[in-house]
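Peer 1: Submitted below is the structure of interest, expressed as C-alpha cells.
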Amino acid sequence: MVPTRLLLAAPRGYCAGVDRAVETVERALDLSEGEPVYVRKEIVHNRHVVAELARRGAIFVDSELDVPRGATVVFSAHGVAPTVHANAAGRQLQVIDATCPLVTKVHSEARRFAARGYTILLIGHEGHEEVEGTMGEAPDATRLVGSVAEVAHLDDLGPSTPLVYLTQTTLSVDETRAIIAALRTRFPHIEAPPKEDICYATSNRQAAVKALVQQVDLVLVIGSANSSNSNRLVEVARDAGVASHLIEDEAAIDPDWLDGVETVGITSGASAPETLVRRVVDWFAARGTSLVEELHVVHEDVSFNLPRAIRRRLPQVDTPRSATH
Ligand code: SF4
C-alpha cells in the first residue's frame, strides 16, 4: 500500500549553528589557496555533510594532535574543552572555531559558576562531544547526570554545597524537565542557568513533532545515528504512541513500515540538509505519493555571524550575516 500524503514538519533540518559550521568549512576551503584544511571530528553529526565536505577537500581527523604543526584546523559545532585549545596552541595551529554560540554560552556558564565555587550538575549524555567539551571547562567541579535514576547517586552532595544545573543543548525537553524536577526535589537550593540551555532549534523541532504526531501514522526522522537531537525526535514521536524511525536517507526506508499507513510525517534533525528531505519526498513520489503538505508550527529567524577567523579574511564587500539570536 502507498501512503496518500506526506506531512513535512516545519521547522526541521539545519539550525543556525549547523548552517554556520558547514559554511565555515566551505569558506575555509575557498580561502585556503591550496593549503590543507583539517577538521577536528565531524563538523556536524551528519554522514552526508561530512562526505560532501571531504569530497571538496576537507581532511577530517579525530584529534588536534593528528593535525600537522602550523596547519589550519576547524573545531566542530559541538565545542571543545580548553585542553584542546591548549594542544592546538602548542602545535601553532591556525584555529577556526566553529563552536555554536549557544554551546559557547553553556561553556561560559560552567566557567562562571565553577569560579564561584559551585558544583555543576551537567544534564547530558556520557561520551557526547558537546558534553566532553563542557565538562572540560571545569572538570573538577562538574558531575554528569544522565537520567532521573542517576539523581539518587549524588549522595555526597549536601544542602551546604552550592549547586547549579546546566544541560546539553540537544536533549529531550520532557526528559530534561523530569530530571530537573528530581534534582529540585533532592536539592531544593539548586540554581538554574540564567537562560535555558536546551537550544531553540532542539525545542522547536520537538514541538513540531508533537504537532505532527496528531495527524500522521508514522514519523520518519532524517538524521545520522550519532545525532543527538535527531534521536530525540524519534523518541518524542514514539512517546506519543506513533511509530517512528531514524533514517540516514531514502535508502533506509523499509517498505514494511508503510503497511496500513495513510499519512507519513517527515522531519529532519538539526544537522540534516534539506536535500535529504527532498530525496525522501522523491522516493515516495516515485511510488505514487503525490500529496505533500507542510505543518508550520514555529517560525524561526536565527542566524549567527561566521567565526572571526573567517570574517577577517573575507573581502570587505562580503557583508557578514546578521546575528538575530
Ligand atoms: S542544535 Fe542548537 S546548540 Fe546545536 S548547533 Fe544547532 S543551534 Fe547550536
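Read-outs throughout are calculated quantities, based only on the coordinates presented, and are distinct from any laboratory measurement. If you're wondering where the values come from, they're calculated on a predicted model, not measured in any experiment. We place every Cβ from the backbone using ideal geometry, glycine too, and count neighbours over all the protein chains shown.
Peer 1: Of A110, P188, Y200, whose Cα points farthest to the positive end of the dipole of the range 95-205 (charges on the beta-carbon: +1 Lys, Arg; -1 Asp, Glu; origin at the Cα centre)?
Peer 2: Among A110, P188, Y200, the one farthest towards the positive end of the dipole of the range 95-205 is P188.
Peer 1: Here's another thing I want to ask about it. Give the separation of the Cα centroids, the range 154-215 to the range 78-118, in Å.
Peer 2: Cα centroid of the range 154-215 versus Cα centroid of the range 78-118: 22 Å apart.
Peer 1: List, in order, the whole-Hz ³J(HN,Hα) value for each residue of the range 248-256 obtained from phi through the Karplus relation with A = 6.51, B = -1.76, C = 1.60 and θ = phi - 60°; use x for Gly and Pro.
Peer 2: Computed from phi, the couplings for the range 248-256 are 5, 6, 5, 5, 8, 6, 9, x, 4 Hz.
Peer 1: What's the magnitude of the charge dipole for the chain around its Cα centre, counting Lys and Arg as +1 and Asp and Glu as -1 at the beta-carbon? Answer in Debye, nearest 20.
Peer 2: Here the chain has a charge dipole of around 960 debye.
Peer 1: Tally Lys/Arg at +1 and Asp/Glu at -1 over every other residue whose Cβ is under 12 Å from the Cβ of T104; what's the total?
Peer 2: Net charge around T104: -2.
Peer 1: Taking the Cα centre as origin and putting +1 on Lys and Arg beta-carbons and -1 on Asp and Glu beta-carbons, what dipole magnitude results for the range 84-139, to the nearest 20 debye?
Peer 2: In total the dipole reaches around 300 debye.
Peer 1: Follow-up. Straight distance only, please: which lysines reach the Cα of K41 with their own Cα at less than 30 Å, same-chain residues fewer than 8 apart left out?
Peer 2: K41 reaches K105, K195.
Peer 1: Right, next: Based on the Kirkwood radius over alpha-carbon pairs, what is the Stokes-Einstein translational diffusion coefficient of the chain at 25 °C with 0.890 mPa s viscosity, in µm²/s?
Peer 2: D, rounded to a whole number, is 117 µm²/s.
Peer 1: Add -39500 (n - 2.57) for each DSSP H run of 4 or more in the chain, then divide by its residues: what number comes out at 222 nm, to the nearest 500 deg cm²/dmol?
Peer 2: Roughly -11000 deg cm²/dmol at 222 nm, from the helical runs in the chain.
Peer 1: Rounded to whole Hz and in sequence order, give me ³J(HN,Hα) for the range 287-294 from the Karplus expression 6.51 cos²θ - 1.76 cosθ + 1.60, θ = phi - 60°, writing x for Gly and Pro.
Peer 2: Values per residue, Gly and Pro as x: 9, x, 8, 10, 8, 10, 10, 10 Hz.
Peer 1: What number comes out for the charge environment of E126, summing +1 per Lys or Arg and -1 per Asp or Glu over other residues with Cβ under 12 Å away?
Peer 2: On the way: positive: R143; negative: E129, E130, E132, E150.
Summing Lys and Arg as +1 and Asp and Glu as -1 gives -3.
Peer 1: Related question: Show me the ranking of peptides 208-220, 303-315 by mean Cβ neighbours inside 10 Å, starting with the highest.
Peer 2: 208-220, 303-315
Peer 1: What does the charge add up to near Q94, with Lys and Arg as +1, Asp and Glu as -1, over the other residues with Cβ less than 13 Å from its Cβ? Before the final figure, lay out each step's value.
Peer 2: Working: positive: R40, R69, R91, R308, R312, R313; negative: E33, E35, E64, D97.
Value of the local net charge: +2.
Peer 1: What residues have an amide H closer than 5 Å to that of V292, excluding those fewer than 5 places away on the same chain, when H is modeled at 1.01 Å from N in the peptide plane?
Peer 2: L6
Peer 1: Now for a separate question. Zone of R313 (label point 7 Å along Cα→Cβ, backbone N under 14 Å): which residues in the range 67-100?
Peer 2: What the label zone holds, given the 14 Å backbone N cut-off, is 70-75, 93-98.
Peer 1: Amide H neighbours of V39 under 5 Å, counting only residues 5+ apart in sequence or on other chains, H built in-plane at 1.01 Å?
Peer 2: Here I59, F60, V61, V74 satisfy the definition.
Peer 1: Contour minus end-to-end for S203 and T104, with contour as 0.36 nm per residue of separation and end-to-end as the Cα-Cα distance? Mind dumping the intermediate values first?
Peer 2: Details: separation 99, 0.36 × 99 = 35.64 nm, distance 1.80 nm.
Net length gain for the segment: 33.8 nm.
Peer 1: On the first, second and third principal axes, largest extent first, how far apart are the outermost C-alpha atoms of the range 102-186 in Å?
Peer 2: Sorted largest first, the three principal extents are 29, 29, 18 Å.
Peer 1: Taking the Cβ of each residue in K195, K41 as the centre, tally the other Cβ atoms inside 10 Å and list the residues starting with the fewest.
Peer 2: Least to most surrounded, the residues fall as K195, K41.
Peer 1: Could you pull out every residue, at least 5 positions away or on a different chain, whose amide H is within less than 5 Å of the one on V302? Hs are placed 1.01 Å off N in the peptide plane, and Pro or chain starts have none.
Peer 2: It is none; the list stays empty.
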